[in-house]
Amino acid sequence: MDRDPRAHRADTGRFTISASGFPALSLFAPRPVTAAEAVFPGRVRDTVTVTVAAAESLPEPRPPTPDPGPRLPPDRFQSSSPRFRSLVFRFPFPMFFRLVLPMVLVSCLSGSLALAQSVTVTADRTSLALGESLRLRIVMQGRFEDARGPDIPDFDVIGKSTGTSISVIGGTVQQEQRVDLTLVPRRAGRLRIGPVELLSDGRVVASSQALTIQVSERPGAPPAPQGPPPQAPAQPAPSPQADEAPPEPTAPGPPDQYAGRQAFLWAHVPDRTLYVGEPVYVEYVLFVRAGLPVQGARAERLPDFKGFVVDQAATPEHQGRRVRVRGVPYDAYVQWRGAVTALGPGKATLDTMSVILVTGDLFSQRGYRVSSEPVVVDFQDPPATGRPADFLAGTVGAFVIRSVLDKDRIRVGDSALLTVTVSGSGNLRAVKAPDVQVPEGLRVSRVPSSDLDERMVDLGGVSGRRLFQFLLTAEREGEYEIPRMDLAYFNPVTSRYERSHTDPLRLVVAGHATGGPVREVRAPEGRIVEIVGSADLSERPEPRTMTPFPAEVVGGFLAGPVLLFLGVEAAVRHRQWRSRNHEALRRRKALSEARTALRRLARTPPEDPRDFWAGLDRVIRDFLRARFDVSADLPHEEVRAALLAREVSSDAVEVLVAEMDACAFGRFAPSAAQDQDRGASLDRVRACLAALDRARDGQGSR
Amino acid sequence: MTRTWMAGTVGSGVVLAVLWMTTPPRAETLDDRFRAGTAAFEAGRYDEAARVFRDLRERYQLTSPGLLVNLGAAEFMAGRPGVALLRFHEAVLADPDSRAADMARVNAERVRAALNERRGEGGTGYVFGPYHDAWTALFGWMPPRGALLTFLASWTLLFLSLAGWRVLGSRARRVLGGVAVAATAGSILTGLSAYGAARVASYEVAVVLEDGAPLYDREDSIEPRLALPEALEARVVARRGALVRIRLSSGQEGWAPERSLGFPSVTAP
């Protein structure tokens, strides 16, 4: 690191710092600078002393590049303060950020410059009655220098609010300004609200559609509820903004003598006669020539406002707007805004305000003090001529007073809430609670309601509403009229005393609960549930089970079809099996059938012995046919041969053949001795058949 | 004569007074009380109406659906929406097909709508409505009895057709085979439906009666996870001691004190 960097005087307002081994840094110094501190990338900070004999000047609008820009003539800038401090410039960013960040920022903001202007005007209703109000919303988008309209000669502006929002969508900065006007029609009929036009470079760049509002007479109202009393004009005059009605959040532009300055701070006060007690909207607006690399501004000294009551409004953070002063484009930034109310007549001074304007880029920033000029304002007392007797000092503005009862029928002992609203623009603080004159039979008491008041600072000074509530308690039955209430005020715009009043209200008070014209005090629409007129109180429902049927029933219904199907299936399968195994079954059943037949023979022996022996022989042959498939017509020898061929025990075969011989003998030559041997024959045959049956499938009984 | 007249007059007066004092007061029937409650409701004296109806329910053990509807309406108008919803649930449970049950359903919907509108004005952040989940969305509209009957019919048809398919000849088997396939699909669908409808019907509902009732993650939690608003409806999942595990329509589950919940029941208190 070269500990002896050299500093070079470059020219008026610009100098260069260089150190060996590093690129030179080019700085603006539009005023005498005693020392500057430079941090070279990656190295210890070095301080160099630079003496620049230059007058105070702001840099000419330029892109944030290190190249020298066009010089400013010294006389183009007016120093706002002779006590300008030495500034220390630091460069805390390494080279990477110095090179990359600007590229990123430029690429991000490249799409933010193409802004389209548009303006829309919408009303919350298209028809209303006299005495009612509508809300008009004006939304302006894009950059424009001025706005014109709307033309609303048939309406009174009783409230106004403004707002600004900035959004970045897809890299495009979208600025939107909203103005909400609360309008009260002056007459019935089809009233027109003219279009709003946005101006840029003296030409209309966007325009809204005109609106038509249908205003009807209020049903049942007196012919002229807001009509003028004999002594004074009755209709509230337009608020201070209504005539000017620029749908801008800020006041009109500065006078032409400021044109050509690089930056100036201008205190704006309405250019008309101002009165004591009138909240006057004041703005301190910083105008910076378009294109100047402004990084920000901070208030250094705020005005004192001695002799005023101040209602400061919040200063929006992104409120810049483009204006032209004698054709020179400026960006205007509101530094302070609010309403000031003079406490006494005479000339009063709005102090100067100073801000430090910071210009440059991310890497080199400088601050400049910019101060406003003091403004002397002459405040007058409202004139004594034409002052109503009920005028209260300080009631300066344009107001509308209304009253409403929360219910129009009550019972004796009950209460109704009377709400009196004073809305409009002006010194709402000075508006006092009206004196409610109620007829005998009603008792009035004030209800605290200050928490319902609304006040806001806008171009008209202060606008909003005061709300007074009274509890009217009925002491006697009857029909009462709450008389109208008047509010006299001084309108600073028309410089006249004016008056607004409420409509008379009716309140019906019924007797006690035993009778009277009032059936219900509670509004029936508040009841959203119904009841049954009669009910069978003896009905005692049993607790219901959640299952629709008993589980046993459901189980039975589930199992029944399954069992049925299984039974059918089993039967089918059994039948099929039987058909497939018919022969085997027949053989298997041969012995049991033979035994059954033998038991039958033993139990019921035939009368004729020959029949017995014939039956026994038939049993044997049936068994042989079923069991061994041996024909019943074969002679005994062939039976023996057939059985032996099936590997049946020869002993059993011999016994069987002997028995068959005995049967043949008994059939053809019955004898008494043989006849007595029936039982033994049956036993032998039974045993013989059993022995033969054991020889199934070739396994003879041995 | 004057003395006699005076004595007679005084005696008559005494007799009349004794008679008046000893005459039993006219008996007030339960219907009279019910009508008195209805009249109080119509006159906007909702607290009084609720007290009368509540007295009929609790002291006289009445559980008529009409009484429950009126009690619920009076409780709601008196500012107790949780109890009101509970009574409407009970009226529906008592006799689902009655006119009073229909009115209870309508009233319950109105109460929920009112609570939800209140929510829009900066209320609880919960959506008030009957408990619902995927099962109620799919099967809540089905009557459980009808769904079960349909399933049993389809089930029986399935096995009858199978049995016939096994027994009858080839020509009939073709028809019965198609019937069996259709009955199989029908049994699956109707069986699932019957299960879902029965499951939904068996849900035990709970209504939050205490505004800000705590909902704990676990039984042994100390810090509640949620504060439940009054009149929120939930499903009872389990019980453990004095804690009830409930499931909200949002799917969140937790344990809430039993005392802060109401469970619809048609049995008299």
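The values are calculated or read from the model by the stated rules, or taken from the named source; none is laboratory data. None of these values were measured; they are calculated from a predicted model. In this analysis, Cβ positions are derived from the backbone assuming ideal geometry, glycine residues included, and neighbour counts consider all displayed protein chains.
Give me the residue from the range B:54-65 that is assigned to a helix (DSSP H, G or I) and more than 9 Å from chain A (Cβ to nearest Cβ) and, out of that set, surrounded by the fewest Cβ atoms within 10 Å (Cβ to Cβ). Break it down stepwise before answering.
Going residue by residue through the range B:54-65, those that are assigned to a helix (DSSP H, G or I) are B:54-58, B:65.
From what's left, more than 9 Å from chain A (Cβ to nearest Cβ): B:54-55, B:57-58.
Values: B:ARG54: 18, B:ASP55: 14, B:ARG57: 20, B:GLU58: 12.
If we take residues in the range B:54-65 being assigned to a helix (DSSP H, G or I) and more than 9 Å from chain A (Cβ to nearest Cβ), then B:GLU58 is surrounded by the fewest Cβ atoms within 10 Å (Cβ to Cβ).
Identify, please: which residue in the range A:397-408 is surrounded by fewer than 23 Cβ atoms within 10 Å (Cβ to Cβ) and not acidic (Asp, Glu) and is, among those, farthest from A:ASP435 (Cα to Cα)?
By that ranking, first place goes to A:LYS407.
Only residues that are assigned to a strand (DSSP E or B), farther than 13 Å from A:GLU283 by Cβ and at pLDDT below 80: list them for the range A:297-323, please.
Selection gives A:ARG322 alone.
Residues checked against (1) over 21 Å from A:ARG321 (Cα atoms); (2) modelled with pLDDT of 80 or more:
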site	(1), (2)
A:LEU191	yes, yes
A:VAL196	no, yes
A:ALA210	yes, yes
A:PRO223	yes, no
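Which of the residues spanning the range A:600-620 are basic (Lys, Arg) and either in contact (Cβ under 8 Å) with a residue 12 or more places away in the chain or surrounded by 14 or more Cβ atoms within 10 Å (Cβ to Cβ) (or both)?
Within the range A:600-620, A:ARG610, A:ARG618 meet the criteria.
Please enumerate the residues belonging to the range A:179-213 that are among the basic types (Lys, Arg) and outside any strand (DSSP E or B). Reasoning before the result, please.
Residues of the range A:179-213 among the basic types (Lys, Arg): A:186-187, A:190, A:192, A:203.
If the condition is that a residue be among the basic types (Lys, Arg) and outside any strand (DSSP E or B), then A:ARG186, A:ARG187 are the ones that fit.
If you scan the range A:420-445, which residues turn out to be under 30 Å from A:VAL309 (Cα atoms) and among the acidic types (Asp, Glu)?
A:ASP435, the sole residue that qualifies.
Looking for something under 22 Å from the mean Cα position of the chain (by Cα) and among the aliphatic types (A, V, I, L, M) - is there at least one such residue anywhere in the range B:216-226?
Scanning the range B:216-226, I find no residue that is under 22 Å from the mean Cα position of the chain (by Cα) and among the aliphatic types (A, V, I, L, M), so the answer is no.
Tell me whether the range A:364-383 contains one or more residues that are under 43 Å from the mean Cα position of the chain (by Cα) and farther than 30 Å from A:GLY202 by Cβ.
Scanning the range A:364-383, I find at least one residue that is under 43 Å from the mean Cα position of the chain (by Cα) and farther than 30 Å from A:GLY202 by Cβ, so the answer is yes.
Based on what the data block shows, is A:PHE623 surrounded by fewer than 20 Cβ atoms within 10 Å (Cβ to Cβ) and among the aromatic types (Phe, Trp, Tyr)?
For A:PHE623, the condition - surrounded by fewer than 20 Cβ atoms within 10 Å (Cβ to Cβ) and among the aromatic types (Phe, Trp, Tyr) - is not met.
Quickly run through the range B:66-120 and pick out the residues that are small (Gly, Ala, Ser), more than 7 Å from every other protein chain (Cβ to nearest Cβ) and either farther than 25 Å from A:ARG540 by Cα or touching a Gly at 6+ places or on another chain (Cβ under 6 Å) (or both).
B:ALA78, B:GLY79, B:ALA84, B:ALA113, B:GLY120
Do we have any residue at all in the range B:193-202 that's of a type in the set (S, T, N, Q), within 30 Å of A:GLU569 (Cβ to Cβ) and either within 14 Å of chain A (Cβ to nearest Cβ) or touching a strand residue (DSSP E or B) at 6+ places or on another chain (Cβ under 8 Å) (or both)? It would help to see each step written out before you state the result.
Step one: list which residues in the range B:193-202 are of a type in the set (S, T, N, Q), which gives B:193, B:202.
Going one step further and asking which of them are within 30 Å of A:GLU569 (Cβ to Cβ), we end up with B:193.
Those left that are additionally either within 14 Å of chain A (Cβ to nearest Cβ) or touching a strand residue (DSSP E or B) at 6+ places or on another chain (Cβ under 8 Å) (or both): B:193.
Yes, the range B:193-202 contains at least one residue that is of a type in the set (S, T, N, Q), within 30 Å of A:GLU569 (Cβ to Cβ) and either within 14 Å of chain A (Cβ to nearest Cβ) or touching a strand residue (DSSP E or B) at 6+ places or on another chain (Cβ under 8 Å) (or both).
If I ask for residues that are modelled with pLDDT of 90 or more and closer than 26 Å to B:ALA180 by Cα, which ones from the range B:112-145 would you list?
Listed by number, the list holds a single entry, B:PHE139.
Answer yes if at least one residue in the range B:238-257 is under 23 Å from B:GLU117 (Cα atoms), at pLDDT below 95 and aliphatic (A, V, I, L, M), and no otherwise.
yes
State which residue pairs qualify: first residue charged (D, E, K, R) and inside the range A:197-215, second residue part of a loop (DSSP other than H, G, I, E, B) and modelled with pLDDT under 85 in any location, beta carbons under 6 Å apart, and separation of 6 or more residues or different chains.
From the range A:197-215, the pairs are A:GLU197/A:GLY149.
Here is a check on your reading of the model: is A:ALA597 more than 8 Å from every other protein chain (Cβ to nearest Cβ), modelled with pLDDT of 90 or more and either touching a Lys or Arg at 6+ places or on another chain (Cβ under 6 Å) or surrounded by 11 or more Cβ atoms within 10 Å (Cβ to Cβ) (or both)?
yes
What's the number of the condition B:ALA50 fails, among (1) among the hydrophobic types (A, V, I, L, M, F, W, C); (2) facing another protein chain (nearest Cβ under 9 Å); (3) surrounded by 20 or more Cβ atoms within 10 Å (Cβ to Cβ)?
(2)
Which of the numbered conditions does A:ASP361 fail, given that it passes all the others? Conditions: (1) modelled with pLDDT under 85; (2) over 47 Å from the mean Cα position of the chain (by Cα).
Of everything listed in (1) modelled with pLDDT under 85; (2) over 47 Å from the mean Cα position of the chain (by Cα), A:ASP361 misses just condition (2).
Only one of A:VAL619, A:VAL572, A:VAL639 is of a type outside the set (Asp, Glu), within 14 Å of chain B (Cβ to nearest Cβ) and touching a helix residue (DSSP H, G or I) at 6+ places or on another chain (Cβ under 7 Å); which?
So the residue among A:VAL619, A:VAL572, A:VAL639 that is of a type outside the set (Asp, Glu), within 14 Å of chain B (Cβ to nearest Cβ) and touching a helix residue (DSSP H, G or I) at 6+ places or on another chain (Cβ under 7 Å) is A:VAL572.
Mind checking which residues of the range B:134-191 are under 28 Å from A:ALA551 (Cα atoms), away from every other protein chain (no Cβ under 12 Å) and part of a loop (DSSP other than H, G, I, E, B)?
B:GLY140, B:TRP141
I'd like the full set of residues that are under 14 Å from B:ASN107 (Cβ atoms) and of a type in the set (Lys, Arg), limited to the range B:50-91.
Residues satisfying the conditions are B:ARG80, B:ARG87.
Conditions tested, residue by residue: (1) of a type outside the set (Phe, Trp, Tyr); (2) modelled with pLDDT of 90 or more.
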residue: B:ARG174; (1), (2): yes, no
residue: B:SER187; (1), (2): yes, yes
residue: B:THR190; (1), (2): yes, yes
residue: B:TYR195; (1), (2): no, yes
residue: B:ASP211; (1), (2): yes, no
residue: B:GLU223; (1), (2): yes, no
residue: B:GLU233; (1), (2): yes, yes
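Just one of (1) of a type in the set (Val, Ile, Thr); (2) closer than 24 Å to A:HIS582 by Cα; (3) touching a residue at least 40 places away in the same chain (Cβ under 8 Å) trips up A:VAL685, so point out which.
Failing condition for A:VAL685: (2).
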